[in-house]
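Remarks on the structure that follows.
The values are calculated or read from the model by the stated rules, or taken from the named source; none is laboratory data. Just so we're clear, the structure is a prediction, and the values are computed from it rather than from any experiment. FYI the Cβ positions are ideal-geometry reconstructions off the backbone, even for glycines, and counts take in every protein chain you see.
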Amino acid sequence: MTDDIDFAALGRVAEAVERSPGTRLILLSVLPEAWRERSLSDDEEHYFAVKKRAEVRLARQHIDWVILRPSLLTDDSGSDLVSLGPAEEHGRISRDDVAAVLEAVLLEASISQQILELNEGQTGITEAVRALGRDMPRAHRPSCC
């Protein structure tokens, strides 16, 4: 099922986005370090491997994409304070905060073709996302979209 949902379906969605100019695909993935402090089962290792293959596949597409890699998800209430960037420590983050970051990234059109890692932090979500959009050099903005 992991192969069907996290890899094959993503390929079909990316193809649909390719046929729909002006559309952006945001992939919710996983931090590669997640749960590495534990002994993972074969199924869990497979899940991480499929997620990585899906990221590679998406990153090679000539479409507007963003990959978001949150830390360990919790059911805690959101704090609206995050650490967001191209490389973050593995920790934990509430599902509420992940959803809020997804929404903010969706609304920040200047963030494109980036892999972003997400953790609890000290910066407000809106501020963290806007800073990434502002800091993306025009030379690195994709010509595909």
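Here are the numbers for the structure shown:
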quantity	calculated
Yes/no for His90 being closer than 17 Å to Pro32 by Cβ and outside any helix (DSSP H, G or I)	yes
Which listed residue, of Asp42, Asp75, Asp64, is touching a helix residue (DSSP H, G or I) at 6+ places or on another chain (Cβ under 9 Å), of a type in the set (D, E, K, R) and without any contact (Cβ under 8 Å) to a residue 40 or more places away in the chain	Asp75
Looking only at segment 14-30, and only at residues there that are among the hydrophobic types (A, V, I, L, M, F, W, C) and surrounded by 13 or more Cβ atoms within 10 Å (Cβ to Cβ), the one that is farthest from Ile115 (Cα to Cα)	Val17
Unmet criterion (only one of (1) modelled with pLDDT under 95; (2) within 14 Å of the chain's Cα centre (by Cα)) for Ala14	(2)
Subset of segment 60-75 [of a type in the set (Lys, Arg) and within 20 Å of Glu44 (Cα to Cα)]	Arg69
Breaking point among (1) of a type in the set (A, V, I, L, M, F, W, C); (2) touching a Leu at 6+ places or on another chain (Cβ under 8 Å); (3) at pLDDT below 95, for Ala87	(2)
Matching residues, segment 114-145, being modelled with pLDDT of 95 or more, in a loop (DSSP other than H, G, I, E, B) and surrounded by 13 or more Cβ atoms within 10 Å (Cβ to Cβ)	Gly121
Residue match in segment 43-60 (condition: in a loop (DSSP other than H, G, I, E, B) and either of a type in the set (S, T, N, Q) or touching a strand residue (DSSP E or B) at 6+ places or on another chain (Cβ under 6 Å) (or both))	no
